[in-house]
Every structure is written in C-alpha cells, then in structure tokens.
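Scroll down for the structure; my scribbles are underneath it.
Rule-based calculations on the coordinates, nothing more; no lab input. None of the values given here were measured: they were computed from a predicted structure. Cβ placement follows ideal geometry from the backbone for every residue including glycine, while neighbour counts extend to all protein chains displayed.
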Amino acid sequence: MNKLKMQTTNVVDENIKKIGELFPNCLTETLDENGRPQTSIDFDQLRQELSKDIVEGPEERYQFTWPDKRNAIRLANAPTTDTLRPCRSESVDFDNTQNLYIEGDNLQVLKLLRENYLGKVKMIYIDPPYNTGNDFVYNDDFSQSADEYVHNSGQIDEEGNRLVANTESNGRFHTDWLNMIYPRLKVAKDLLSEDGVIFISIDDNEDYNLRKLCDEVFGTFNFVGCVSWHRNYASANDAKKFSNVIDYVMVYSKSNNFVRNLLPRTEKQNHLYKYDSKDGKGRWRSDNLSVRTYSANYDYPIVNPNTGVSYNPPSGRCWMTNKETVAKWIEDARVFFGQDGKGAPQLKRYLNEVQNGVVPTTYWSYEDCGHNDEARKEIKELFGKPPFDSPKPTRLLNQIIRIGANKDSLILDFFSGSSTTAHAVMQLNAEDGGKRKFIMVQLPEATDEKSEAYKAGYKNICEIGKERIRRAGKKIKEESPLTTQDLDTGFRVLKLDSSNMQDVYYTPADFNERDLFEDNIKPGRSDEDLLFQVMMEKGIELSAKIEKMQIAGKTVWNVSDGYLMACFDEAVNETTITEIAKQHPYYFVMRDSSLAADNVADNFEQIWEEYSKDTERSIL
C-alpha cells in the first residue's frame with residue numbers, strides 16, 4: 001500500500017529529470033543543505049550543449065533582470081506542504097456548486113491548484129496591485145526569518161500573511177513588485193489550457209515592466225494585445241501633470257492554439273443597415289464597389305441600366321470583381337444606383353451576410369465597458385454603502401470573458417478583491433445559459449478600521465468578496481427567476497492552512513519508536529480537512545461531488561461517484577473494507593492506524609485482491 005506524500009510536486013526535480021533525459025551527460029551530484037547526495041545539473045556542461053561555439057564565462061546578451069530574480073524563480077518552483085481546509089459555514093450550496101472561493105496567499109494557493117487544475121483553466125483575469133506607492137504587496141523575501149520580517153515590516157494580517165506597503169522611498173520600488181508578481185505568473189501559466197489566455201489589468205506605473213515580464217513568462221510570440229480601457233469619463237482637475245483616464249489590460253495566450261471570440265454586434269453597429277428592399281433578404285447598407293488594389297482586369301465601365309450612363313472606377317482604383325460577376329449582381333439587384341435609380345453603382349451589404357460578431361479592438365470606451373464610477377455604483381447598489389474602494393465594472397469583465405472564455409470554461413482570478421469576476425461569470429451565465437465556473441483567490445487583507453467596510457463588519461477583503469457573490473447571485477435570480485433556475489450562484493469556501501500532518505510526517509528519518517504509536521494528524525483537523533488534502537494529492541478537482549455515507553457503522557467519504565473513497569475512522573473492520581472494495585473505487589485512502597486489529601491488517605490486501613484488485617490503496 002502506498003503512503004501519500006501530502007505535498008505538491010517538486011518542480012525543480014521534475015525539470016532536472018526532463019533535462020537529464022535529453023542530456024544525461026549534464027547530470028551530476030551535489031550535497032543538499034543536510035549533506036545528503038542529490039542529483040543536480042552541471043550548468044557549464046549544459047551551456048556547452050546548447051551552444052555552437054566554445055562557452056567560456058558569461059557573455060553580454062539581451063535580458064530582463066532585477067535584484068532577487070533568481071530567488072523569485074526558486075520560490076515559484078519550491079514545493080509546499082500547505083493545504084486547503086473546507087469551510088462549509090461560509091459556503092453557499094457547498095454540496096452542489098462547481099465554484100470555489102479560496103482564502104490565502106495566492107502563490108501558495110496557485111501551487112496547490114497546480115496539482116488539480118494543471119492545464120484546465122481556460123481564462124485567467126487578475127487585477128494585481130498597481131504599485132502606486134500605497135499598495136500593499138506580498139513580500140516573499142525569506143532571507144529573514146518570519147519573526148524578523150514581521151518585526152521589521154510591522155505588517156501582518158490576522159492569518160499570519162506578511163504584507164508591506166511598497167513606497168518609492170524603500171529603494172526597491174520596482175524590484176519588490178516584480179519579485180511579487182513574477183513567481184505568481186510563472187505558476188499561473190501552468191494552470192492555463194493550451195488554448196488558454198490571461199488578461200492582466202495594470203496602469204502606467206508598471207505597464208512597461210509587466211510587458212517585459214510577460215514576454216519572458218509566456219513568450220513574445222504569445223502576446224495578443226494591450227488594451228487601453230477608458231476608465232474615467234471625466235478628467236481630474238487637481239492632477240499635477242496629466243489627468244490619467246486610461247488603464248491597460250495586457251493579454252497573453254498560453255500558445256498559438258488560443259482563438260479569440262468575437263464580441264456581440266451592438267444595435268449601434270447594426271443601425272447602419274437601415275434599408276430594406278422587402279425582397280426577403282433583410283436589412284442592408286450601401287458600400288463602395290471599388291478597391292485600392294488595382295487590377296487591369298477589374299478596370300471597366302459599369303452601365304446604369306436605368307439611365308444608360310457609364311461609370312468608371314475612381315482614378316487609381318478598380319472594381320472589386322470582374323465584369324461577369326457585376327453583371328450578375330445587377331441582375332440580382334445587389335448593385336444599388338441610388339434612391340432614384342439614377343446614381344453611380346454601389347454594393348448592397350446585407351446584415352445577415354456580415355460576420356456574426358465584431359473583432360475586438362485595443363481601445364475600449366467606458367460607453368462599452370463601463371467606468372470606475374459605474375463600478376462603485378454597482379457595489380453600492382448591492383451593499384448600500386460601498387465597502388470596496390476600487391472595484392472593476394462588471395461590463396469590463398463581461399467583455400473580457402466573452403473574448404477569452406467559452407460557455408463551459410473554468411475562469412480563475414487570483415487577485416479577486418471584491419469578486420467582480422465571479423459576479424460577471426454568474427451574470428453572463430444567466431444571460432446566455434452558459435455553465436462557466438469560477439475560482440476566486442484572495443488574501444484576507446485586513447480592512448482599515450476607519451473604512452466603511454470595517455464599520456459595516458467586514459474585517460478583511462475576503463468577507464467583502466464572499467458577501468458580494470451571495471448578494472449578486474440572489475439579485476440575478478430575483479431579476480430573472482424563470483431563466484436562472486439552474487444557475488450556479490454557490491461557492492465552496494476553502495482556506496489556506498499548514499498541512500494537516502505533523503511535521504514529523506515529512507521527515508521519516510526523524511522517527512523514533514514512540515512516533516510509531518502516535519497519530520500523525522494535527523489536533524483539531526477534521527476528516528473533511530483530510531479528505532480535501534487527499535483530493536489535492538490525487539489531482540481531483542476541489543469542486544468534485546462529495547457524499548458522506550455510513551458503511552458498517554463507519555463514516556466513508558465518496559468523491560465523484562466512487563472515483564475516490566476514504567475512511568478516516570478508528571477501528572475499521574473487515575466488513576467495512578469489504579463493502580468499500582465491492583464498489584470498485586479507483587482510489588481508496590485511510591489512516592495507517594485505522595484497522596481494528598492485526599487480523600484485519602493481515603486480510604486487508606486479500607480483500608482488495610478478491611473484490612477490487614485494481615484499486616490504488618494509500619494510507620496517511
């Protein structure tokens with residue numbers, strides 16, 4: 001029987017293995033921090049393998065770098081033993097929803113999600129700190145001990161996460177921001193599907209650095225566009241320089257498999273098609289029949305059949321097609337000679353023949369996508385007094401989701417703030433019957449004691465985000481009760497925490513005889529806590545269906561209709577094991593100390609061999 005690792009994959013080990021398969025001569029051995037041999041890469045040898053010339057020392061080359069960049073890469077690759085603990089009391093429709101709301105440092109959460117959602121996320125949207133000098137950013141500098149850092153920074157939230165205000169006076173203004181965002185984007189890329197895409201909101205404090213950084217993480221060839229969003233409809237008269245009314249949305253794909261969706265045509269765009277000949281072909285508009293790309297074969301006179309007047313194409317231009325095709329168009333009334341029939345030839349463009357949608361542009365007006373004031377009014381309408389200072393309008397997120405996701409896509413936002421993304425997902429699903437799912441991730445950053453949010457009882461941003469989803473979902477259903485009966489407005493709340501396992505679980509060499517008889521589960525951890533950590537270990541989606549059942553007096557957890565079955569009770573007897581085995585689960589997990597007696601342990605493998613020999617059995 002296997003023993004679960006209960007920690008995320010060590011990305012460095014996986015990368016070393018892949019390089020070793022390509023260049024076995026580049027593998028070497030070094031000693032780790034504990035003096036034990038480990039497999040490593042001989043980078044000098046690897047550089048030589050990848051160069052046509054002799055490599056001697058470092059050479060100047062184009063690169064984007066900053067202090068501690070290597071540490072940021074190491075941080076992205078380092079495994080974690082953290083876990084996610086379910087919180088039913090704060091969830092909505094926990095047993096049925098496909099949506100997740102996760103509280104905790106998003107870097108650690110992303111590493112955990114990588115185990116379950118590798119290549120499964122169609123679209124990511126994030127609105128990270130803009131680095132305005134007042135933003136709190138996650139500080140991942142572990143060169144100091146945790147206690148030293150907390151003492152030096154004076155910033156820590158109630159969950160123990162370290163925060164620091166990134167002011168320009170700290171001497172590492174851009175460096176700290178880059179060290180924060182880089183490892184998160186690096187891990188997030190792994191979550192995207194091959195046809196996936198990421199949208200990142202930013203302003204002009206870090207837009208140039210973000211572009212370079214994304215070029216490195218996603219590749220310059222996967223740059224889709226940089227959208228200018230007109231976020232303010234009025235200028236700020238007290239601006240010291242220019243009044244900034246533009247934010248940016250940086251867009252990168254995972255690969256060239258990404259295909260952007262078209263945006264719905266608006267009535268304003270369709271209004272141009274104002275004529276209707278009552279011939280059953282629908283509305284149309286007149287269009288130019290000539291083109292700039294000259295061809296002598298398309299340069300000929302067109303005769304108005306009503307007047308006999310000939311018309312040549314304008315100087316330097318030609319007609320868009322040959323003489324025979326135009327003659328057929330005239331016969332079919334596809335050529336328009338003016339309202340009185342006596343004018344120059346024009347082409348009839350029918351609305352039902354145009355592309356069923358509009359290609360997105362890189363400029364989005366507030367008329368189409370909303371503005372900051374609209375966003376504040378939206379959240380005020382839900383809460384009475386707005387508890388969040390800088391939300392994004394749902395119309396902006398609607399546009400982003402329409403372009404980047406399909407009706408059944410999984411959408412991730414790991415700087416979710418007030419949960420505008422979740423609101424937009426539910427709203428679009430209500431409008432078009434989609435089954436989009438969301439994962440929101442947010443650090444429980446404490447609200448200012450002087451803020452309206454704190455006065456209203458919201459002690460951290462997560463409380464605002466969760467309450468917004470509750471209220472927005474209720475409002476959407478109330479406004480369209482007949483079309484939203486199957487609309488998923490629920491969400492499972494999961495909270496980042498340290499492993500459910502005692503530290504000694506991860507260091508078998510430190511075991512002594514007494515440890516063998518001790519429970520390796522931390523006090524206060526529930527069976528459902530253990531179940532979710534097992535689900536992460538086995539790569540099962542955290543929104544999977546969970547059924548709690550009784551078998552021979554023992555509690556058994558059934559995940560995804562028998563894909564995983566687990567029992568964490570004590571004194572589990574042969575009857576329980578036999579009944580579970582008869583259901584042929586793909587995975588079965590239990591505690592190593594759960595079997596009722598020695599004879600049960602002796603017969604354990606025989607029971608599985610008889611009833612379900614292909615089931616993978618593991619112990620905690």
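If you add up the charges near residue 306, with Lys and Arg at +1 and Asp and Glu at -1, over every other residue whose beta carbon is less than 10 angstrom from its beta carbon, what do you get? So the environment of residue 306 carries a net charge of 0. Amide H contacts of residue 85: 495, 496, 497, each under 5 Å away and 5 or more positions distant or on a separate chain (H built 1.01 Å from N in the peptide plane; Pro and chain starts excluded). Residues 249, 425, arranged from fewest to most other Cβ atoms within 10 angstrom of their Cβ, appear as 249, 425. Does the range 191-265 come out rounded, prolate or oblate by the C-alpha gyration tensor, with a ≥ b ≥ c the root eigenvalues, rounded set by a/c under 1.5 and, if not, prolate when a/b is larger than b/c and oblate if not? Verdict is oblate for the range 191-265.
From the C-alpha coordinates alone, can you work out the Kirkwood hydrodynamic radius of the chain, in Å? Averaging 1/r across every pair of different Cα atoms and inverting gives 28.8 Å.
Summarising the amide proton neighbourhood of residue 224: residues at separation of 5 or more, or on other chains, whose placed amide H is nearer than 5 Å comprise 251, 252, 253.
Distance from the C-alpha centroid of the range 419-456 to that of the range 62-83: 29 Å, rounded to the whole angstrom. Each residue of the range 562-575 is assigned a 3J(HN,Hα), and the resulting list reads x, 5, 10, 10, 9, 9, 10, 5, 8, 6, 6, 9, 5, 4 Hz, derived from the Karplus form 6.51 cos²θ - 1.76 cosθ + 1.60 (θ = phi - 60°), x at Gly and Pro.
Rounded to the nearest angstrom and listed largest first, the equivalent-ellipsoid semi-axes of the range 361-444 from its Cα gyration tensor are 20, 16, 12. Rounded to whole numbers, the Karplus 3J(HN,Hα) couplings from phi for the range 437-451 are 10, 10, 10, 9, 10, 8, 5, x, 5, 5, 7, 5, 4, 8, 7 Hz, using 6.51 cos²θ - 1.76 cosθ + 1.60 with θ = phi - 60°, and x at Gly and Pro.
At q = 0.28 Å⁻¹, what base-10 log of I(q)/I(0) does the Debye formula yield for the range 195-236 when every alpha carbon is treated as an equal point scatterer in vacuo? Debye intensities relative to I(0), on a log10 scale: -1.13. With a threshold of 29 Å on the Cα-Cα distance, the over-threshold entries among 189/392; 522/548; 240/459; 392/437; 241/392 are 240/459.
Measure out, as a whole number of angstrom, how far apart the alpha-carbon centroids of the range 1-34 and the range 248-292 sit. The distance from the Cα centre of the range 1-34 to that of the range 248-292 comes to 52 Å. For the listed peptides 382-393, 302-313, a ranking on the average number of other beta carbons within 10 Å per residue, highest first, reads 382-393, 302-313. Applied to the range 219-228, the Karplus parametrisation 6.51 cos²θ - 1.76 cosθ + 1.60 on θ = phi - 60° returns per-residue 3J(HN,Hα) values of x, 4, 6, 9, 5, 9, x, 10, 8, 9 Hz, with x for Gly and Pro. Taking other C-beta atoms within 10 angstrom as a stand-in for reagent exposure, 377, 278 fall in the order 278, 377, fewest first. Each stretch of four or more DSSP H residues adds -39500 (n - 2.57); spread over every residue of the chain, this sum gives -9000 deg cm²/dmol at 222 nm. Among the listed pairs 3/545; 5/407; 120/477, those whose Cα-Cα separation exceeds 26 Å are 5/407; 120/477. With neighbour counts taken as other beta-carbon atoms within 10 Å, the residues 175, 394, 8, 30 rank, fewest first, as 30, 175, 8, 394. Using the Cβ of residue 82 as centre and a radius below 11 Å, the other residues enclosed give a net charge of +1, where K and R count +1 and D and E count -1. In straight-distance terms, cross-link reach from residue 348 covers every one of the lysines whose alpha-carbon lies under 21 Å from its own, apart from those fewer than eight places away in the same chain; here that gives 268, 274, 278, 281, 323, 328. Proximity of backbone amide H atoms, modeled 1.01 Å from N, is registered between residue 412 and 123, 124, 125, 439 at under 5 Å, excluding neighbours fewer than 5 places apart on the same chain.
Please give the net charge around residue 284, taking every other residue with its beta carbon less than 10 angstrom from that of residue 284, where Lys and Arg add +1 and Asp and Glu add -1. For residues surrounding residue 284, the net value is +3. Partners of residue 474 within straight-line reach, counting aspartates and glutamates whose Cα lies under 12 Å from its Cα and excluding those fewer than 8 residues away in the same chain: 488.
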